[in-house]
Amino acid sequence: MKDAADAAAIAIVSEDVCKEVVSRADAFEAVEKVFAAMARGDAYNFPVIREAIGHADALYGFKSGFDRAGLVLGLKSGGYWPGNAARGLTNHQSTVFLFDPDTGRLRALVGGNHLTALRTAAASAVSIAHLARRDAKVLGMVGAGHQAQFQLRAAAEQRRFERVVAWNYHPDMLPKLGAVAAEIGLPFEAVERERLCAEADVIITIGSSTEPQIMADWVKPGTHLACMGTDTRGKQEVDPALLARATVFTDEVAQSITIGEAQHAVAQGLIGEDAVTPLGRVINGDHPGRTGDDEITLFDGTGVGLQDLAAAAVAMARAVESGKAQTLTL
Ligand code: NAD
């Protein structure tokens, strides 16, 4: 009966343990793999639930899915509580639940806050790895909040960047991002948006914006953009005309055209759904990705539940292996 009892144990993986056991490289590999599985039809996301609950101004929801190739089943539940910061807590709160796909038993509860930042940064890093020009030298950051520093660290590992140019809606937040650049040895300069676009070979947008921060004709040929902030209807970071000028990739087409950056270009009839390609097709070798040095590529990273599950599955495995998971039985 011991084996059955062990199998019934639920692993609890805290936020602190997630920080210890999941590296940026782990997150990159997990996200790349699951994007590939999604594009092959081996992994799929279930419809997202996101509701204003009429309490504490909170937005609460579930993102869930099943990766049949990796045998990962579960959900991330949580959302946004705007009053948390005043209580010394992070506004975004989430927890991942992993289930045994053979039996339906709960296998793990994994803190989702750190993993969300890691998996989001991994998504843009995967897009840079597959779509940016190999000779990219200047990284442009639009946004300087909590996510931006994770984005910067993960992006810096993908190309031989020589410097960072950055702009943020709230300029007072930029020095904190500059400190991260200094830590990884990259010169950092706060610049106006037009200059950022004229100089950057790769641009990451990661703000909470509802209007375009970057106009289509500012962006130079050959740029790769990873648009990561738009994950809800009504949000927007770039000019919809930029999507018509660029070759557009995404994590999941259904999300891209409804809650992602492509929602505006599609609604305005500037592009059709068929103009948006899953990045997994490039990873799988079914789409060429970038086809020329002057092409503008744009990755619309909307954030899918399977990214969370992939990162949480790594956290669970590493935490159990290293004896860092707590356990309980229901
Ligand atoms: P944060 O609150 O720490 O930072 C917010 C950022 O948005 C800052 O750069 C701030 O200056 C900027 N901002 C705030 N109001 C703005 C406005 N009116 N116009 C333009 N910019 C504005 O948030 P965070 O955790 O860094 O998250 C940044 C964004 O990324 C959020 O919109 C969040 O929902 C989104 N996000 C996306 C994913 C994904 O998978 N795509 C995952 C996590 C977070």
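The values are calculated or read from the model by the stated rules, or taken from the named source; none is laboratory data. Computed from a predicted model, the values in this text were never measured in an experiment. Glycine gets a Cβ as well: all are built from the backbone with ideal geometry, and neighbour counts include every protein chain shown.
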Open item on the list: When you check residue 123 against the structure, is it within 11 Å of the ligand (Cβ to nearest atom), free of Cβ contacts under 8 Å to residues at least 40 places away in the same chain, over 15 Å from residue 66 (Cβ atoms) and aliphatic (A, V, I, L, M), yes or no?
Closed with: no
Task: Criterion: of a type in the set (A, V, I, L, M) and part of a strand (DSSP E or B) - qualifying residue of 89, 73, 152, 115 - done: 73
TODO: Within the range 203-246, track down each residue that is more than 9 Å from the ligand (Cβ to nearest atom), assigned to a strand (DSSP E or B) and of a type outside the set (S, T, N, Q).
DONE: 203, 204, 212, 214, 224, 225, 226, 238
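How about the range 171-218: which of its residues are touching a residue at least 60 places away in the same chain (Cβ under 8 Å) and either surrounded by fewer than 18 Cβ atoms within 10 Å (Cβ to Cβ) or not small (Gly, Ala, Ser) (or both)?
Keep residues of the range 171-218 that are touching a residue at least 60 places away in the same chain (Cβ under 8 Å), which gives 199-208, 213-214.
Correct list: 199, 201, 202, 203, 204, 205, 206, 208, 213, 214.
In this structure, does residue 274 turn out to be surrounded by fewer than 14 Cβ atoms within 10 Å (Cβ to Cβ) and not small (Gly, Ala, Ser)? Break it down stepwise before answering.
Details: surrounded by fewer than 14 Cβ atoms within 10 Å (Cβ to Cβ): yes; not small (Gly, Ala, Ser): yes.
In short, yes.
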- [ ] Scan the range 173-202 residue by residue and report those that are among the acidic types (Asp, Glu) and either under 13 Å from residue 151 (Cβ atoms) or in a helix (DSSP H, G or I) (or both).
- [x] 183, 194, 199
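Restricted to the range 219-237, and to residues that are free of Cβ contacts under 8 Å to residues at least 40 places away in the same chain and buried (at least 17 other Cβ atoms within 10 Å of the Cβ), which residue is nearest to residue 137 (Cα to Cα)? Full working, then the answer.
From the range 219-237, those free of Cβ contacts under 8 Å to residues at least 40 places away in the same chain are 220, 233-236; that's our starting set.
Filter again for buried (at least 17 other Cβ atoms within 10 Å of the Cβ), leaving 235-236.
Numbers: 235: 29, 236: 26 Å.
By that ranking, first place goes to 236.
Considering 123, 129, 155, which residue is closer than 19 Å to residue 29 by Cα, surrounded by fewer than 20 Cβ atoms within 10 Å (Cβ to Cβ) and of a type in the set (Gly, Ala, Ser)?
On the way: 123 fails: surrounded by fewer than 20 Cβ atoms within 10 Å (Cβ to Cβ); 155 fails: surrounded by fewer than 20 Cβ atoms within 10 Å (Cβ to Cβ).
Exactly one residue qualifies, and that residue is 129.
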Open item on the list: Any residue in the range 270-285 that is more than 20 Å from residue 228 (Cα to Cα) sitting within a Cβ distance under 6 Å of a residue that is assigned to a helix (DSSP H, G or I)? List the pairs, counting only those 6 or more apart or interchain.
Closed with: 270/240; 270/244; 284/36; 284/39
TODO: For residue 269, work out the one condition from (1) touching a Ser or Thr at 6+ places or on another chain (Cβ under 9 Å); (2) surrounded by fewer than 23 Cβ atoms within 10 Å (Cβ to Cβ); (3) at pLDDT 95 or above; (4) assigned by TED's automatic domain parsing to the domain that holds residue 168 it doesn't fulfil.
DONE: (1)
- [ ] Please go through the range 37-59 and pick out each residue that is surrounded by 18 or more Cβ atoms within 10 Å (Cβ to Cβ) and over 30 Å from residue 286 (Cα atoms).
- [x] 58
- [ ] Considering every residue within the range 261-273, establish whether at least one is small (Gly, Ala, Ser), within 16 Å of the ligand (Cβ to nearest atom) and in contact with a Pro (Cβ under 9 Å, 6 or more places away or on another chain).
- [x] yes
Task: Residue that is farthest from the chain's Cα centre (by Cα), among those in the range 290-330 that are surrounded by fewer than 24 Cβ atoms within 10 Å (Cβ to Cβ) and part of a strand (DSSP E or B) - done: 328
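Does at least one position in the range 157-172 carry a residue that is within 12 Å of the ligand (Cβ to nearest atom) and either of a type in the set (D, E, K, R) or in a helix (DSSP H, G or I) (or both)? If you could, list the steps in order and put the result at the bottom.
Restricting attention to the range 157-172, the residues satisfying the condition of being within 12 Å of the ligand (Cβ to nearest atom) are 166-172.
Now narrow it down to the ones that are either of a type in the set (D, E, K, R) or in a helix (DSSP H, G or I) (or both): 171-172.
The answer is yes; a qualifying residue exists.
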TODO: Report the residue count in the range 92-111 for those that are away from the ligand (no atom under 11 Å from the Cβ) and either within 22 Å of the chain's Cα centre (by Cα) or not in a loop (DSSP other than H, G, I, E, B) (or both).
DONE: 12
